[in-house]
Amino acid sequence: MLTLGTPLFLLGLLSAAIPLLIHLSRSRRTRKMPFSTTRFFTEQFLRSYRMSRLKELLLLACRMALCAGLALALAAPVWHAHGKGLWGEPSRAVVLVLDDSASMALEVEGRTLFSRAQQAAHAILDSLRPSDSAALVLAGRRANGCEVPFAEATPQLADVRQLLDGLQPAMLSADLSEAIARAHELLRRHTASSREIYVLSDLQASGISGEAHPPPAADAGVPVFFVRIRPAPLTGLAVTALQYGASRPMAGVPFAVRAHVRNLSTASLPCTVRLVVAGRVVAERRLPPIAAGRWAVATLHHTFTATGWHEGYVEVADEAFEPDNRRWLAFQVLDRVAVLAVNGAPSQVPRLDELFFLRAALGVAKEQAAWPHEGAPDRAASATAAANGESGQPAPSAGIVLRTFRADELGSAELGPYRAVILANVESLPEAAVARLERFVDAGGGLLVFLGDAVNASAYNQTLAAQDRLHGGLLPARLLGIEGRSAAVAAEGGAADSQPIARLARLDAEHPALAGLEQGAAGNAWAANIRSLWTVDPGNSRVLMAADTGSPLLCEKPYGRGRVLLCALPCDRDWSDFPLRPVWVPWLYRLLAYLAQEPLAARGFYLTGAQVEIAASATASSQRWVVRTPDGRVRPTAPAAEGPPRSLFAETEQVGVYRAYPVGAETVGERFAVNLESYESDRRYLDEELAGDDASAASRRITDGLARLLGVQSEVYYVERPEAAVEAALAARRGIRLWDAILAVALLAALADAWLANRISRRHYAQPREISLQPGGRVMSPPPPRVASEQVRQP
C-alpha cells in the first residue's frame, strides 16, 4: 500500500493545470487571413502542419508531467508490501512472542538470554506511539497452549511493560509454531494499518512442534521478525533421562536407577552422579571422562528400609546450566504386596495346578493365608540376605504375598487388604463377584486376567466386557475365540496342538512395567513359542504385547483409579512355553508391582507443562482434589468435562515433586515427579542449521527455512542481534521510496520539454523558405520542409 510522508505537497498537483491553461488560451487567439485558394498546397505541407500540432500536444504533456512529478516527489510517497495508512505514519499493532523456555535462562556475559529478550521487547514497545497497540504471547509449551496474557492487542502500553518486567523464564520447552499461530489470532481482527509479529527467541531447534500452524490467507500480509537472542556456547553436563530397574521399589530390595548423562561441551569432562533421597545422598558414582557430545549411563542402587512415599532426584556436579543438572523422582515403597488369586483349574498334582508356575515365579511354597489379616511380616530376613549379597536378585517373596480363593468365594471376600487380584483361567464369575471386582478396581486396585481353555467367552463378554457396565466393563478387550485348537478339542477341554502357531514378537518398551525386558539380560522373551491363544478385540485399549501374527497378547485399560491387564495366554504351560522362559519371572513380578502402585506413580514421569490426570473413583467422583506444588502452594484441580471421572491439573511449570490429595486428607494423597523436557539441553539452533555453507545466501536461506518450518506465509525477516530489532523493523516499514523514480521521470519530462520546445521554436522563428509558383500552374518542388510555417508569394 502507498503512504505519503508530506501529503500537503499534493496541492502542488494543481500546478499541472498551468501549462494546460496557457495552451488553451493561445489556441483561442487564432488569426484568420483571407487567401485565394489552397488547392496548390501539397499533401506534404498539410502533413507537416499536423505533425506540428502533435509536437505541441507532446510539449504540453511534458510540462504538465513535470509540474505533477515535482509535486508528487515533494509528497514523499513510499510503497509498502504490508498494510499501511495513506496519510502519514500508520497505526501499528504489535505482538511480541517471547520465548520463556528453560534454555532462555542460560547466561551470556553475566546476563540471561531472557533478560536480553526483555530488553529488545522494551525497545520495540518504546518505538510505538501512544495510540498504537501491543500484546504478548509466551512461547513455553503448556498443557492448555501458549500463554496469552492479553485477549487482544491493547493500547495500554504501560500494562504491557509492567507485565513484561515481571516475567521470568519457566522450566518449559518452547513451541514457536503454536505461539506464532496465537499471535496471528490476536491480530486477525485488529484494524491497525500495520500489524507486526516479533519472535524473541534463541531459535532452538526443539522449539518446533511436529506440525506447523499456517495462518489464514487473510494474515499473509503480517510480517514476522525473528529476533535471535544469541545463545551461549555448548558447555557442561546434563541428566537427560532416568530409567528404573523395576517398575516399583520394595522395602528391603535393592532398587536400581539408571541415569543418562550427556556431555554438551566440546571437550571431555569427568562426571560424578549422585542419587539424593529425602535430602540425603544415598548413592554416588564417578564415571570416566565423557567424550564431547556423547552419552554415558550411570547405574545407582539404593535399598529402601521404610515404607511410604519417598522423593528425591539424580544430579550431576555441574555449574553450567542448573535446570538440566537434575531429574526428580517420586516412589511409593510398600513393605509387601498382598495379591489375591482366583484359581480356575486347581489340581491336587502341583505341576498340573493352574497357579503352579505363578507360585514358582513369586517364590511362594505354600499358601500365605495369615497376612494381611494378622499383621505385617518381618522384613529382617530379606533385608539381611540382600545386605550380605546372598542373591544377586533377592527372592521376590520378599515383596509378594499370595492368597488363593475359589470363584464362588470372591463374591463375599473382603478385597480391601489386597492391592491386586488375579483371575487364572476362571470359567465365569457370579454377578456379586463382578460387582465387587468393579468397586475394587474403581477404587484403585489392580486386576490381572489370564485366559485359558476353561474360560466361557460368552459369560466374559456379557459380564466383564459389557458396555452397559461401569466404565464400559472391566476387560480391556472382547473375547472372540481360541486360535490353534479345533472346536472339538476345545469342547472336550483337550490340550493345545503341539506345533507353535505364533511367537512373541512385540513388546511395548515404553510402558513402565515392561521397560528393559527387551534386553537380553532380562531373558529372551522373543523365543517363547505359542501353540494356542485367545483372539481378542482390544478396541481403544493399549496393546502392550503382541504375537508375530499381530494378535494382541497383553492389553491394558484404565478403570477409574485402577487398571486392568488382560493376557490372552494362561499362566501355565498348556498353550505356550512362556512360563518356562527366564523372562517369565521379572515379567510377572513387574506386572503385579505395576498394578499395586498408586495411579500417579504408575504412570512414571511427567514433563513440565503437561496436564496430569488424577483418576477418581466412580463411587467418590464428587471428592475434590488439590495439588501442592514444589514451592509449597496449594492449587485446585479441575474436573474433566467428559470421559470417566477424573480431575485435571495443568499448572506443572515447576520441576520437582507434586503432592495430590483429597481436600483435608493430605496424608493419604499421592505424589508425582515433573521434569524438564530433555530436548531443552539440545543446543541445536534453527538459524545455524538453515544457514548452510554459503555465507552470501545465508540470510535468504534462514528466512525461507523459518517460514517453511513454522508455517509463516507472510514476509519473514531475520534479525541476528536483538539490539537491531527496532532498526530492522523501521527499515521494513519504510518500504520502497517512490520519489526517486518520480524525480527521474520528471527530469526526463524536463529534457523532453526542452527538446520539443527547441524544435517548435526553430520552425516558428527561423528564416522562412519560399515556394515559387511558375506560370502555367507548375509548382517548383522545394527540398523537404525544415520549418513549421511557409510564406507564399506570387512570382
Q: Show the residues, 5+ positions off or on another chain, whose built amide H is closer than 5 Å to the amide H of Arg506.
A: Ala546
Q: Mind checking the stretch 394-470 for trypsin sites (Lys or Arg not before Pro) that DSSP puts in a loop (not H, G, I, E or B) and that have at most 12 other Cβ atoms within 10 Å?
A: Arg406
Q | q = 0.23 Å⁻¹: log10 I(q)/I(0) that the Debye formula gives for the stretch 606-675, counting C-alpha atoms only | A | -1.00
Q) Just the accessible area per residue of the stretch 237-333, please: how many Å² with a 1.4 Å probe? A) 42
Q) Given R₀ = 56 Å, FRET efficiency for Ala407-Glu720 by Cβ-Cβ distance, to 0.05? A) 0.15
Q: Send over a whole-number figure in Å² for the accessible area per residue of the stretch 606-675, probe 1.4 Å.
A: 47
Q.
Need the full-extension length gain, Glu319 to Val634, defined as separation in residues times 0.36 nm minus the C-alpha distance. One decimal, nm.
A. 110.3 nm
Q: Tell me the label-point distance for the pair Ala527, Ala466, using the 7 Å Cα-to-Cβ offset, in nm and rounded to one decimal.
A: 4.6
Q | Radius of gyration and maximum dimension Dmax of the stretch 92-144, Cα, Å | A | 12.9, 37
Q.
If I model a spin label as a point 7 Å beyond the Cα along the Cα-Cβ vector, how far apart are those points for Val668 and Leu20 in nm?
A. 9.3
Q: Report, in debye and to the nearest 20, how large the dipole of the stretch 606-675 comes out about its Cα centre when Lys and Arg carry +1 and Asp and Glu carry -1 on their Cβ.
A: 160
Q. Share of the stretch 606-675's accessible area from carbon and sulfur, percent, 1.4 Å?
A. 49
Q. What is the spin-label model distance, in nm, from Thr154 to Thr549 if the labels are put 7 Å beyond Cα along the C-beta direction?
A. 6.5
Q. Over the stretch 606-675, what relative contact order in percent results from Cα pairs under 8 Å that are six or more residues apart?
A. 37
Q. HN-Hα J couplings of the stretch 154-164 from phi, Karplus 6.51/-1.76/1.60, θ = phi - 60°, integer Hz, Gly and Pro as x?
A. 10, x, 7, 5, 5, 5, 5, 5, 5, 5, 4
Q. Once phi is turned into ³J(HN,Hα) by the Karplus curve 6.51 cos²θ - 1.76 cosθ + 1.60 with θ = phi - 60°, what whole-Hz value does each residue of the stretch 284-294 show in order, with x for glycine and proline?
A. 8, 9, 9, 9, x, x, 8, 5, 4, x, 10
Q | R0 of 56 Å, Cβ-Cβ distance Leu747-Ala650: FRET efficiency to nearest 0.05 | A | 0.25
(Q) Let's test the formula: R0 of 51 Å, r as the Cβ-Cβ distance of Ser699 and Arg285. What FRET efficiency results, to the nearest 0.05? (A) 0.60
Q.
Quick check on the stretch 606-675: of the DSSP beta bridges with both residues there, what percent are antiparallel, nearest 5%?
A. 90
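The values are calculated or read from the model by the stated rules, or taken from the named source; none is laboratory data. The shown structure was predicted, so the numbers you read here are calculated from the model rather than taken from an experiment. Positions of Cβ are generated from backbone atoms using ideal geometry, with glycine treated the same way; all protein chains shown enter the neighbour counts. We work out accessible area using only protein heavy atoms, side chains counted, and drop any ligands, DNA or RNA first. Shrake-Rupley method; radii C 1.70, N 1.55, O 1.52, S 1.80 Å.
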